[in-house]
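What follows is a single structure, written as structure tokens, with notes after it.
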Amino acid sequence: MAFLSHERLKTLIEQTGAESRAIDLHRKILVLWCELAMLIAVVEVGLGNTVVENLTQRFQGGGWLQRSPGNFRWRTQEDDSINKAIKQARRAAYAKPSQAQKADLDTKVFPSGRNPRTPHRE
């Protein structure tokens, strides 16, 4: 039984008295864990949304994560991490359009033509 270690099976057999009941108990434990994991995920998302909503109200608007709100200041490491995440998100967003869409964007941003030495960053 590759899905169940000998030690775990032995413990379950000691609790249930038979291998078939031990395997059934193990299956029920797995089902319970899956149900709990879904519940935990829903609570985590709800809690995260509540925290964001409260911080947005506290700091009077959005953008508080990208720039330090009011007299509160991010530490250098946090600022660096935020800036890195923003750059990665921009790169990911730029990677999604087709080459034709990117060329169209270049035309809008560089109406006189893009200098070939200008890299596509951010």
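Details
- Residue in the range 75-122 that is nearest to GLY63 (Cα to Cα), counting only those that are of a type in the set (D, E, K, R) and not in a helix (DSSP H, G or I): ARG75
- In the range 51-74, the residues that are closer than 22 Å to ALA85 by Cα and assigned to a helix (DSSP H, G or I): VAL51, VAL52, GLU53, LEU55, THR56
- Odd one out for VAL109, checked against (1) surrounded by fewer than 10 Cβ atoms within 10 Å (Cβ to Cβ); (2) hydrophobic (A, V, I, L, M, F, W, C); (3) within 28 Å of the chain's Cα centre (by Cα): (3)
- Some residue of the range 40-58 being at pLDDT 85 or above and under 30 Å from GLU7 (Cβ atoms): yes
- Selection of the range 59-80 for residues being open to solvent by less than 70 Å² (accessible area, probe 1.4 Å) and of a type in the set (S, T, N, Q) yields only SER68.
The values are calculated or read from the model by the stated rules, or taken from the named source; none is laboratory data. All values derive from a computational prediction rather than experimental measurement. Every residue, glycine as well, gets a Cβ built from its backbone with ideal geometry; the counts of neighbours run over all protein chains shown. The accessibility values were calculated without ligands, DNA or RNA, using every heavy atom of the protein model including side chains. Shrake-Rupley method; radii C 1.70, N 1.55, O 1.52, S 1.80 Å.
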